[in-house]
Amino acid sequence: MSEKLVTNRRTALKLLGTGAAILTAPYIIRPRPAWADNGILNVTTYDKFLPQEFIDKFQKDTGIEVRVRLTDDQGKQYNLLTAEGANPSTDIVTVAGHRYSQFIDSKLLQPLDTGRISNWKNLNSAYQDAPWARINGNLWGLPILAGYEGLARNVDYVKDAPSWEIMFDEQYKGQTSYIVSDFMTITMQYLGHDGDFVTYTDKPEEAQKATNEARDFLIKHKDMVRKYYDAGSEVQQMFINEDIYLAHSWSGPAAKLIIDGHPIKLSVPKEGTFGFCYTLNVVNNAPNAENAYKLLDAILANPEVGAAMTRQSGYSSTINGVGDLLNERERLASTLPQEEVDRIIFFSSVNRDMKNEMIDRATAEVKAA
Amino acid sequence: MEPVVQFDNVNKSYGGYVAVENLNLSIEAGKFVTLLGPSGCGKSTSLRMLGGFERPTSGRILLNGKDVTRVPPNKRNVNIVFQDYALFPHMTVAKNIAFGLELKGFDNQKIHRRVSELLELVQLEEYARRLPSELSGGQRQRVALMRALAPDPDVLLLDEPLSALDAKLRQQMQIELKSIQEKTGKTFMFVTHDQEEALTMSDTIVVMNKGRIEQMGDPDTLYGRPGSVFVANFIGETNLLRSTVLGMDGDMTTLSWNGITITASQGGLAPKLGEHLYVVLRPEAIHCSVAEPASGNRIKGKIRQRVFKGNHTSLMVDVGDGTLLNTLVHPSEIAHLSGENIWVGWKPETATVIPDRHAHN
Amino acid sequence: MVSSNTTAQDRARSDASVPRYSTRIATVINSALYRHTLGAAVESRIGRVILLAGVPLIWLIMLHVGPIYQMLKISLLSHYPVQPGMESHFTLDNYAIFFRESLYFTPLIKSFIFATAATAVTLIVVYPVAYYVAKVVKPQGRSRALLLLLVPFWAGELIRTFSVIMLLANRGAVNVLLREVGLIDRPIPMLYTSFSLGFGLVYLICLYMLLPLYSAIEKIPSPLLDAAADLGAGPFTRFRRIILPLSRDGIVSGCCLVFLTCIGVFATPMLLGGPTTVLFPETISGFFHGASDKWPVGAAFALIMLVTALAAAAIFMRLVGGRKKRAI
Amino acid sequence: MRAMFSDAPRVTLAAFYWAFILYLLLPLTLMMAMSFKDANFVAFPIGDWTFDWYGEVMQDKQFLEACLYSIMIAAATTLAATILGVWISMLIVAEGIRGQVIIFALACLPAVVPGMISAISLRIFISTIDMPTGTAAIILGHTVHAVPFVVVMALTRLRSMPGNLVDAARDLGADSVVAFFRVTLPYLGPALFGGMIFCVLLSIDDFVRTFFLGGYRLTLPMLIFAKVQGGMSPEINAMATLVLVVTAAVGLYAEHLTRRARTR
């Protein structure tokens, strides 16, 4: 009892003082961040998007060391870049179309100077200066893969699916799946509204009404759903395990199943759907922007890279000459009949804040219902 | 000769509670000293202060003449045997004993020799590699003792080390403890609330009550001539006869008790005429008989209760007005005491007077 | 030469019979280096306090409180990250949102119910296992029995989750087996339900219950059980009166670990849940992950969850753990 | 009669234990079986069997590097978290320190924060102290996450430690430091073993903190998550199987060694 260790106020203050001293110490000893080195290029992308042989060759040709960070999710990428603020640790990020404007709005990307990419001509002309790709007067990224939100079905159980209506058909109760936020916009289309909010400029009440209608519709048909999913690998697994027969799916994951020989078919129903591109983007304040352009140029010069990306993701490549490198099945999986292609609208960049706000909230409400 | 341990006006209080008050105590080397008292009397606190685990509120503690009041336990040459032994559960018996030696910086051979020697002393050689959890209570007790003895302390402190043992083992350990103390010649400072333990082993007993020393002396003195009602009550069974002084005669006092006149030894007290005193009368000093004893103090009584205790029988004798005297009778005599009415008697010199301190409390 | 050899051998022989004691400690603590640094520090009370409390307090304040403080700051801002040209000001609105709408309130309640249920189930399932390993298995076999329980956890959370999917899916092992045997002709949907979520969650976290329980039960002296049996106590009485109270420490810490982990659970185990199992962490993560990102609201909600979860754990510890009984 | 009754719980417990083992191992057995499937996605029925995935994994430089890197991080995390966790628990049980409940709550904080939030706040935090991302930052992040688990384990045991063991050590000449290392720490042994297992598992399993705090070197979960993103391929099962088999072998070997050391 007499050996009590009493922390009185003075010792506590001393401890705090020491703590503060240690806290500030790093400000004095400023280490030079390794990623700011000149001969380096930092890329954040998906697994197997950049083939090892390509990287090896690029490193040999340019003397630039390429460091790849693998990602699995757009949200994490976005949050990481945001948290890093003005000192990003990466030069190139891979952004999916539906996140595109969010990255741009948050000033995480820098405009793309196509003049610095001599192989820009190798990009499929449809993507070279597509209207949806130009935001605030600038091009922001190099489109590498194109995809769309499709209706995937197991053809052993679901013969024909001309309309999104089938997602609400009692026959397939408990056998469907979708990403809530994405399918919400499709449902708006299905119900005759504008799922991309382009026409709702200055009409928030109308937008809200349309959103609520889609929301209530999804809640009403909640028993149709086996599971709300987030990642492509989940919907693949559910199809393979026959947990579901029908799903709203991005074209890539479904196409991969088709390539692997599963009885899956992907279509664009008559109400239409949305399309998007994966883009490679140079990060705002990128420490090695110069090297980043060199890599983008090299990617365009080599259709093998595009082919690898297609094989890995299932999406179609935007780069000329890639189709020749794919086998029959791979090509088929990523092709649609022209009439269905015509139903695809690319995501716009108009009214994003309104759309995101309303859709996110409605999504939470659908999930919680 | 200088005492090994000296408590010099030591006080210890926790907040408002006084645990030890004005403790002055000197202990000679080689003695077996027992601090005896009920729980909460301050005996354990005193021991822990000597061990260094508590710091006195005021006063000094000297060890071999040196002031150690502010010296931490690891720097004092005293060792404790804890009540629950506090053996290190993850170390073998040998390693437990060696612990203090390792810290003293002995070399391996020397530690080994000392450990073997100590284990031999308590006949635990074969248990050297066992863990404490694999030992019996008595064995653990011995290991704890040896662990504390190993570093050769100036004083060995024992904090009620026998309380966790069963009655039979406890008696056995009392004898063993005493013999180890004699063999090693160490100063033992023993704390207990068990008067029997204290009487069996001690050279000196310090009776404590409410943080103060009540009386201090060898077992004979404390038993035969307790200095206070508390001591008389605490040590052994006793009859306390509240009496009034009628007169003095040399060492003896004549008193009036329960309507009769009795004589008792003064025991160093100087009684005044008419003063109220207690006469201490041990049960075994009382002689019971059918016939009236020829001499000494005597009174007629009725047997109210007989309690057979093996080697003797305890009789509760009503000597009038419901006043009961506790007496001890040998088996050889009990046969003669078949009736209810008997005489009780005792020799005057076997009874002592002590002051009536209850009046002050 | 010869003589020195023999003494060396002698020494070797005698060394073998003499157990080795740690004589180095004395060398270390008597060295000037030690005496003037650590040794001197523990001499004084202030030194001991600094030695004991210094590093832990700095660590706790910097790395446990620091990031939470960041979150607190963000949660009080109207906008974060602050965009150029936009003003961010102090507001309590992010907290008010939580109390205003049952949309966010319900998942929190659900989370608590869910975590409590998961904790209870885990405790009931794991307790007999821990007891078996700690008290029934012979000491020599104990580490092997424990090892067998530990092995599956090295596969990683994601892999274990997918293993559960392969077991419970419509074309998973159980359904395939039942169909082969002819018990069913349509698969039973087991996956993506509360059942599969519970099954998987217990599967993922039972270790956090197992180890504390094991270390608590293992400590109970076996003679105590024998003594109780000797006094005629049946297995149930023995369990209720002796084992259960003595393993209380383990139950409390195991339950806390599991409960706190379950409350904060997100991502992987969610792969097993159905459309109706929305938990609070998922709601929070929506604010960080959604397309319109709202860090301040997410941060505020995270703090609300943090405070309520810790409070729940504290109440639980107070109720079950009782007073700290420390022998002085 | 009596013997029968006292055996009944024993047998029931054993049966329960083995049922539990089955529960733990059955899904993993399926997972391992899948690693031999000759297709790009895992699913029943397995159909054609192949060893090719193992060949691929064994040659995958990325995989081996990621394993080593993860082991390195886990080891450093375990060491740091164990030291800090024990230190914090010592502070919590120390006599005379006030606000122990608060210290305990602070120590538990990181276990409750959802991974994503903890990762973001740590990322912002390390940039405010100007610490670069990379190995050190990952270890720091993992340690923060693992410390509460060590604290809870260590506290459970410390609370049941007889208080006078330390007194006894001090009495025999040990100062507080020696008493801690010779008595308290060994007494904590089994609890620390459990705590260290938690540390290793938490570190090896951690993905989101690693992603936010890491540099460009892959850890095992980062690799696996990235692979899963491209579809659940048997390749991932082969990786997990290899990790599992190797850890089980190492565990058994270590157990064998300690057993031999004990019987000798």
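The values are calculated or read from the model by the stated rules, or taken from the named source; none is laboratory data. Predicted, not measured: the structure shown is a model, and the values here were computed from it. Cβ sites come from the backbone with ideal geometry, for glycine too, and all protein chains shown count toward neighbours. Each accessible area value is taken on the protein alone, full model and side chains, heavy atoms only, with ligands, DNA and RNA left out. Shrake-Rupley method; radii C 1.70, N 1.55, O 1.52, S 1.80 Å.
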* Structure fact -> Compactness summary of the stretch C:93-321: radius of gyration and Dmax from Cα atoms, Å, are 20.9, 68
* If each of residue C:171 and residue B:116 carries a label point 7 Å out from its Cα toward its Cβ, how far apart are those two points in nm? -> 7.6
* Kindly work out what percent of the DSSP beta bridges joining two residues of the protein assembly as shown are antiparallel, to the nearest 5. => 70
* **Dipole axis of the protein assembly as shown (+1 Lys, Arg; -1 Asp, Glu on Cβ), positive-most option in D:149, B:63, A:175** => B:63
* Asked: Which FRET efficiency, nearest 0.05, do residue B:194 and residue B:126 yield, Cβ-Cβ r, R0 30 Å?
  -> 0.45
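At 10 °C and a viscosity of 1.306 mPa s, what translational diffusion coefficient does Stokes-Einstein give for the stretch B:136-188, taking Rh as the Kirkwood radius over Cα pairs? Give it in µm²/s as a whole number.
Values: Rh = 11.4 Å.
Translational D for this selection: 139 µm²/s.
What's the average, rounded to a whole number, of partner chain beta-carbon atoms within 10 Å of each residue's beta-carbon in D:184-194?
Details: counts 0, 1, 4, 3, 2, 2, 6, 8, 1, 4, 9.
Per residue, the average neighbour count from other chains is 4.
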* Structure fact -> Amide H contacts under 5 Å for residue A:67, restricted to residues at least 5 apart in sequence or on another chain and with H modeled in the peptide plane, are A:41, A:42, A:43
* Structure fact -> Among D:85, D:58, D:132, the residue whose Cα sits farthest towards the positive end of the charge dipole of chain D (+1 at Cβ of Lys and Arg, -1 at Cβ of Asp and Glu, taken about the Cα centre) is D:85
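Stick to the Cα atoms of the stretch D:161-228, pair each with every other, and give me the Kirkwood hydrodynamic radius in Å at one decimal.
On the way: mean 1/r = 0.0664 Å⁻¹.
Kirkwood radius, the stretch D:161-228: 15.1 Å.
Looking at chain C, identify the longest residue range that excludes and avoids all trypsin sites (Lys or Arg not before Pro) in DSSP loops having at most 16 other Cβ atoms within 10 Å.
Values: sites that count: C:20, C:171, C:323, C:324, C:325, C:326.
It works out to C:172-322.
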* To do: Report which residues of the stretch C:134-150 become buried by 20 Å² or more of accessible surface when going from the isolated chain to the complete set of protein chains (1.4 Å probe; DNA, RNA and ligands ignored).
  => C:136, C:140, C:143, C:144, C:147, C:148, C:149, C:150
* **Debye log10 I(q)/I(0) for the stretch B:224-351, one point scatterer per Cα, at q = 0.09, 0.14, 0.19 Å⁻¹** => -0.25, -0.60, -1.07
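So if we plug the beta-carbon distance of residue D:257 and residue C:36 into 1/(1 + (r/R0)^6) with R0 = 35 Å, what FRET efficiency do we get, rounded to 0.05?
Numbers: r = 40 Å, r/R0 = 1.14.
It comes to 0.30.
Nearest 100 Å² is fine: what is the total accessible surface buried where chains D and C meet, probe 1.4 Å?
Values: alone 16970 and 21810 Å², together 29870 Å².
Looking at D and C, the buried total is near 8900 Å².
Write down Rg/Rh for chain B, rounded to two decimals, with Rg from the C-alpha atoms and Rh from the Kirkwood relation over Cα pairs.
Numbers: Rg = 24.3 Å, Rh = 22.9 Å.
Looking at chain B, the ratio lands at 1.06.
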* Structure fact -> A 1.4 Å probe over the protein heavy atoms gives the protein assembly as shown a carbon and sulfur accessible-area percentage of 58
* To do: Out of all DSSP beta bridges with both ends in the stretch B:117-248, state the antiparallel percent to the nearest 5.
  => 50
* Asked: Over the stretch A:205-277, how many percent of alpha carbon pairs lie in each 5 Å bin up to the one with the longest distance?
  -> 3, 13, 20, 20, 21, 13, 6, 3, 1, 0
* Kirkwood estimate for the stretch D:139-264, i.e. one over the average of 1/r between Cα atoms, Å -> 18.0
* Considering Cα pairs under 8 angstrom that are at least six residues apart, work out the relative contact order of chain B and quote it in whole percent. => 15
* Just tell me the longest site-free run in chain B, where the sites are GluC sites (Glu not before Pro) in a DSSP loop having at most 16 other beta-carbon atoms within 10 Å. => B:29-236
* Structure fact -> Excluding residues fewer than 8 positions from residue A:265 in its own chain, the lysines with Cα under 23 Å of it are A:159, A:173, A:227, A:256
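Mind giving me the FRET efficiency for residue B:8 and residue B:270? R0 is 41 Å, r the Cβ-Cβ distance, nearest 0.05 is fine.
On the way: r = 30 Å, r/R0 = 0.74.
About 0.85, to the nearest 0.05.
Excluding residue B:33 itself, calculate the net charge of residues whose Cβ lies under 12 Å from the Cβ of residue B:33, where each Lys or Arg counts +1 and each Asp or Glu counts -1. Walk me through the numbers before you get to the answer.
Values: positive: B:31, B:43, B:186; negative: B:28, B:203, B:218.
Residues close to residue B:33 contribute a combined charge of 0.
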* Cα-only Debye scattering, the stretch D:43-106: base-10 log of I(q)/I(0) at q = 0.12, 0.14, 0.15, 0.27 Å⁻¹ -> -0.60, -0.66, -0.69, -1.05
* Asked: If you find the alpha carbon centre of the stretch C:147-180 and of the stretch A:162-190, how far apart are they in angstrom?
  -> 30
* Note, ³J(HN,Hα) from phi for the stretch B:114-122, Karplus 6.51, -1.76, 1.60, rounded to Hz, x at Gly and Pro -> 5, 4, 4, 4, 5, 5, 5, 4, 10
* Cα centroid of the stretch B:312-361 to Cα centroid of the stretch A:76-135, whole Å -> 109
* In sequence order, what are the phi-derived ³J(HN,Hα) couplings for the stretch B:249-263 according to the Karplus relation 6.51 cos²θ - 1.76 cosθ + 1.60 with θ = phi - 60°, rounded to whole Hz, with x for glycine and proline? -> 8, x, 7, 9, 10, 9, 9, 10, 9, 6, x, 10, 9, 10, 10
* Counting only heavy atoms of the protein chains, get the accessible area per residue of the stretch A:224-369 (1.4 Å probe) and round it to a whole Å² value. => 33
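If the stretch B:1-51 were replaced by its equivalent ellipsoid, with semi-axes equal to the square roots of 5 times the Cα gyration tensor eigenvalues, what would those be, largest first, whole Å? List each step's numbers first, then the result.
Values: eigenvalues 93, 32, 12 Å².
So the equivalent ellipsoid measures 22, 13, 8 Å along its semi-axes.
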* **Leading residue at positive end of dipole, chain A (Cβ point charges), from A:241, A:137, A:266** => A:137
* To do: May I ask for log10 I(q)/I(0) of the stretch D:30-79 at q = 0.23 Å⁻¹, from a Debye sum over the Cα atoms as equal point scatterers with solvent left out?
  => -0.82
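In whole percent, what relative contact order does the stretch B:238-360 give with Cα contacts below 8 Å and a gap of six or more residues? Numbers along the way, then the final one.
Working: 274 pairs, mean separation 38.2, N = 123.
In percent, rounded to a whole number, it is 31.
Calculate how many DSSP beta bridges within chain A are antiparallel, expressed in % of all such bridges and rounded to the nearest 5.
Values: 25 of 41 bridges.
Once the DSSP bridges in chain A are tallied, antiparallel ones form about 60 percent.
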* Asked: Label residue B:246 and residue D:79 with points 7 Å out from Cα along Cα→Cβ: what is the distance between them in nm?
  -> 9.2
* Between the DSSP loop rule and a limit of at most 16 other Cβ atoms within 10 Å, which trypsin sites (Lys or Arg not before Pro) in the stretch A:97-170 are left? -> A:107, A:159
* When Lys and Arg each count +1 and Asp and Glu each count -1, what net charge do the other residues less than 14 Å away from residue A:326, Cβ to Cβ, add up to? -> 0
* From the C-alpha gyration tensor of chain A, pull out the three semi-axes of the equivalent ellipsoid (sqrt of 5λ each), sorted largest to smallest, in whole Å. => 39, 31, 21
* Does the stretch C:31-121 come out rounded, prolate or oblate, given a ≥ b ≥ c as the square roots of the eigenvalues of its C-alpha gyration tensor, rounded meaning a/c under 1.5 and, failing that, prolate meaning a/b above b/c? -> oblate
* Asked: Label 7 Å along Cα→Cβ of residue A:223; the stretch A:157-178 residues with amide nitrogen under 11 Å?
  -> A:170, A:173-174
* Share of alpha-carbon pairs per 10 Å distance bin for the protein assembly as shown, given as whole % -> 1, 7, 13, 17, 15, 12, 10, 8, 6, 4, 3, 2, 1, 0, 0
* **Over the stretch C:83-200, equivalent-ellipsoid semi-axes from the Cα gyration tensor in Å** => 40, 26, 16
* **Charged-residue dipole, Cβ positions (Lys, Arg, Asp, Glu), the protein assembly as shown about Cα centre, Debye nearest 20** => 3440
